[in-house]
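These notes concern the structure reproduced below.
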Amino acid sequence: PNEITVGELASRMKKSPAEIIKKLMLLGIMATVNETLDFDTASLMVEEFGGIVEKEIILTDEEILFDDFEDTAEQLKPRSPVVVVMGHVDHGKTSLLDAIRDTNVTEGEFGGITQHIGAHRVRVGEKKITFLDTPGHEAFTAMRARGALVTDIAILVVAADDGIMPQTIEAINHAKAAEVSIIVAINKIDKDGANPDKVKQELMEHGLVPEEWGGDTICVEVSAKKRQNIKELLEMVLLVAEMKELKANPDRKAKGTVIESQLDKGRGSVATVLVQNGTLHVGDYVVAGTASGRVRAMNNDKGKSVKKAGPSIPVEILGLSEVPEGGDEFYVVEDERKARSVVENRKFQEKKEKQKSATAISLDNLFEQI
Ligand code: GTP
Ligand code: MG
């Protein structure tokens, strides 16, 4: 029953009925000890006294995820690699991404204009590669903080005239921690003073032994500016991807990670998500962080409206109730009720955590005063 008498509530809260009655009076509610209070009023009382209401939760995350079954070998199909570009300041990360986009444009994907959604797909022959536009270190720190592993391969850009610098080392460490394969792009080889061999020497000192020297680190000498060896670099990405045997099951409810998000004046919550397993469809009910909703529309990286997105495909989705955070995991649930209950549960847990820490702080203060 969703009601309780004042007396019963008082005893559960270890307060005197008089205290409860007084609080109620302050809220304009006249009640006696035997008066029954509805759930909302009772919760309000508990909260007024700094307590936490253990509300009945319809479905927990775990219950929702019961269908988080393992895919069988037959269900798994090859998927394209997800790549991030990392490296020291000014070593040419942006230029390299531009150069990569250009190679694709000349191959003539209709129009070739890439709309900025935080990630884009590049075609190399018959295959495709998904590039995250977020600078590698940001992508890693934001996403790894939430335990999200989104990338398969990191292209480490090292300027041939500058060599390994502090952020190069940082990038190597991030990539290693995330167990991501590293391909080195030795950039700016068009420059006077470019010394690729010196870069390779330095790489060795950081545990990356170039293939041509007997190790397993692929190094490609490129010039982002002169568009030299870009195709070779992309082919190496595909080669490494092939060795990794990247697979996913396109025939299940979608699951993935939020790459970027924003509140758009006209369109509301706009989130770029990377589908990592399953296929996302327009009309699906989605949960992402504490946002939920039905996917109203989806756009691909070329700004084209699409009806579905399979594994390794980044899409912009419209229709979420709130703006999720980059790095939030998203997944499709059966219906709106499930979506709502997961989000409500999450918000409730968050509130509980906050209240807990608030209580802890006030207790600390109390002891300090004593
Ligand atoms: P941040 O985002 O600031 O960390 O820099 P970045 O790594 O994105 O480097 P960016 O692509 O902005 O390039 C830095 C500078 O190096 C620019 O002036 C580029 O024109 C130049 N540059 C990049 N690639 C090459 C190259 O292959 N050759 C030459 N000569 N210059 C290059
Ligand atoms: Mg840049």
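Numerical summary
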| item | result |
| --- | --- |
| Hits in the range 172-185 (condition: part of a helix (DSSP H, G or I) and either among the polar types (S, T, N, Q) or within 11 Å of ligand 1 (Cβ to nearest atom) (or both)) | N173 |
| Among residues of the range 233-280, those that are without any contact (Cβ under 8 Å) to a residue 24 or more places away in the chain and assigned to a strand (DSSP E or B), counted | 1 |
| Counted residues, the range 215-232 - those being among the acidic types (D, E) and not in a helix (DSSP H, G or I) | 2 |
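Read-outs: derived from the displayed coordinates by stated rules, not from any lab. Computed from a predicted structure; not experimentally measured. Note: ideal-geometry Cβ built from the backbone for every residue, glycine included; neighbour counts use all protein chains shown.
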